[in-house]
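The values are calculated or read from the model by the stated rules, or taken from the named source; none is laboratory data. Please read all numbers here as calculations on a predicted model, not as lab measurements. Because the Cβ atoms are built from the backbone with ideal geometry, glycine has one as well, and the counts that use them run over all protein chains shown. What goes into the accessible areas is simple: the full protein's heavy atoms, side chains included, and nothing from ligands, DNA or RNA. Shrake-Rupley method; radii C 1.70, N 1.55, O 1.52, S 1.80 Å.
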Amino acid sequence: MNLLFEKNSKGSNSFRFPLQELPEIDLQATLPENHWRTTDLGIPELPEVEAVRHFTELSTRAFGVDSGMYPLGSCTMKYNPKINELLANLPGFTNVHPYQPEETVQGALELLYELQLMLADIGGMDQFTLQPAAGAHGEMTGIMILRTWHKSQGNDEQRNVILVPDSAHGTNPATASVVGYKVREVKSNEFGRVSLDDLKAKLDDHVAGLMLTNPNTLGLFETDIEEIAKLVHEAGGLLYYDGANLNAIMGMSRPGDMGFDIVHFNLHKTFATPHGGGGPGAGAVGVKEFLTPFLPVPHIIKRKDGSYGFDYNRPQSIGKVKTFYGNFGVCVKAYAWIKSVGPHGLRDACQHAVLNANYLRHELADDYEIPFNVLCKHEFVATSARQKEAGIHTLDIAKRLMDFGYHPPTIYFPLIVPEAMMFEPTETESKERLDQFIAAMKQIAEECRTTPELVHGAPHTTVIGRVDDTRAARHPVLQYKPEVEVES
């Protein structure tokens, strides 16, 4: 597809600015000569309809949950209901300014306050902050709270280690390191869960806490979670919940009831607000009562007279972690979704997510190796171990899947499973859609046996075909240079 500059058709754009009643200004007499432009701007000239067609065609090349199934493990790429967007764009929300007096934005503050309470109820926590901008930012906020609490206990220097399972999301050790901790890895057992023996061996008086997601990135529930919490607490540490996989237990069980002291929730995963390029995220953080003094400022409160406001009088707070009060529009969308589905809807969404994942796991087991082929939660891990005999790797299968109109699953993660493919269908995919996806995966498995060169050369139907991933990573082309000089 050519760029707008390459589609330039000189003289085709007849747009003219309307005449103004203001007097003309002689810019050359006003501006110093070194500020004069001596060459043409080089802006492409196109009829409006061609410009619209250009950007419309570009929009069709971007894949998202509105385009097709997005089984990206540990990302929960569920459908984002459009009513959430409508509500978030109400004038009462879009026209407010963060510097307005509190009495003029009571409705917005009430929404944020109620969202804090709803998240606390869902997570089994006592209080929440909505300030963090995304999941990793929520992790950092939570671990900063953990560290500040240890400092208040006078043992911050001694407690300088965070435990992280070997199956953890990569942000966990990165977060701990950014906050200033050393990272100590905890091994998994033969069942894909935290090894209690290794955990006990790694616990000492240097451990500040354990970062854990439940279920883990293999989609397996940590059945020993109560014992894990007991061991960490007895050793003087705190338990941190990475909420990336909350969709698997939402409405069914609560991290706070499992023994977690701090949690972060990805509103852009579990609570149906857009991801990344579709809008900013939100990584709300919840804590148990003894940690509430350390939450970021300002904290949104409800006063005795029924009004809402910001509480800055929190001397033990870790301070602000984001400008103003968080990504307000994202919070509105999450609030709208929770209110629309209600408590029973949260449980229903969780149950359907788990059902979909297990259906997918069961149907793919005949064609792909599933190292932990037991009842899973919202996601599971398969591998290309059977396809390696034909010289096919996970990357080849992922690229071939694009030819069928699907986004590939998460690949080569978690690191403890060689050639991993992590599938998470979410609750929003129908059985018909899952069956179509299963058929595509089975066809790819057959191609690996009969025509492996077809898979190895994929994708074949996408705008850009097979690329040299290594070369693209090491020698990226960051500047556009036309093959021919474009007419200005």
Name the residues in region 221-246 that are closer than 20 Å to P371 by Cβ, in contact (Cβ under 8 Å) with a residue 60 or more places away in the chain and either buried (at least 24 other Cβ atoms within 10 Å of the Cβ) or among the β-branched types (V, I, T) (or both), would you? N245
Any chance F404 is buried (at least 16 other Cβ atoms within 10 Å of the Cβ) and either in a helix (DSSP H, G or I) or touching a helix residue (DSSP H, G or I) at 6+ places or on another chain (Cβ under 8 Å) (or both): yes
Filtered residue count, region 27-51, keeping only those that are in a helix (DSSP H, G or I) and over 15 Å from S9 (Cβ atoms): 7
Tell me, which helices (runs of 4 or more DSSP H) wholly within region 68-148 include 3 or more residues that are open to solvent by less than 60 Å² (accessible area, probe 1.4 Å) and among the hydrophobic types (A, V, I, L, M, F, W, C)? 106-123
How many residues does region 317-338 contain that are exposed (fewer than 15 other Cβ atoms within 10 Å of the Cβ) and either more than 14 Å from V285 (Cβ to Cβ) or modelled with pLDDT under 95 (or both)? 2
Residue selected from region 374-393 under the condition free of Cβ contacts under 8 Å to residues at least 60 places away in the same chain and within 25 Å of K269 (Cα to Cα), by the criterion surrounded by the most Cβ atoms within 10 Å (Cβ to Cβ): A382
Keeping to region 198-212, report how many residues are open to solvent by 10 Å² or more (accessible area, probe 1.4 Å) and either in contact with a Gly (Cβ under 9 Å, 6 or more places away or on another chain) or at pLDDT below 95 (or both). 2
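Among the residues of region 257-306 satisfying the criterion of being in a helix (DSSP H, G or I) and within 20 Å of G329 (Cβ to Cβ), which is modelled with the lowest pLDDT?
G278
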Listed by first then second residue, the pairs whose first member lies in region 158-174 and is of a type in the set (G, A, S), whose partner is open to solvent by 30 Å² or more (accessible area, probe 1.4 Å), with beta carbons under 7 Å and at least 6 positions apart or on separate chains, are S167/S188; S167/I416
Residues (in a helix (DSSP H, G or I) and open to solvent by less than 70 Å² (accessible area, probe 1.4 Å)) located in region 149-162: W149, H150, S152
Can you spot a residue in region 457-464 that is open to solvent by 80 Å² or more (accessible area, probe 1.4 Å), modelled with pLDDT of 95 or more and assigned to a helix (DSSP H, G or I)? no
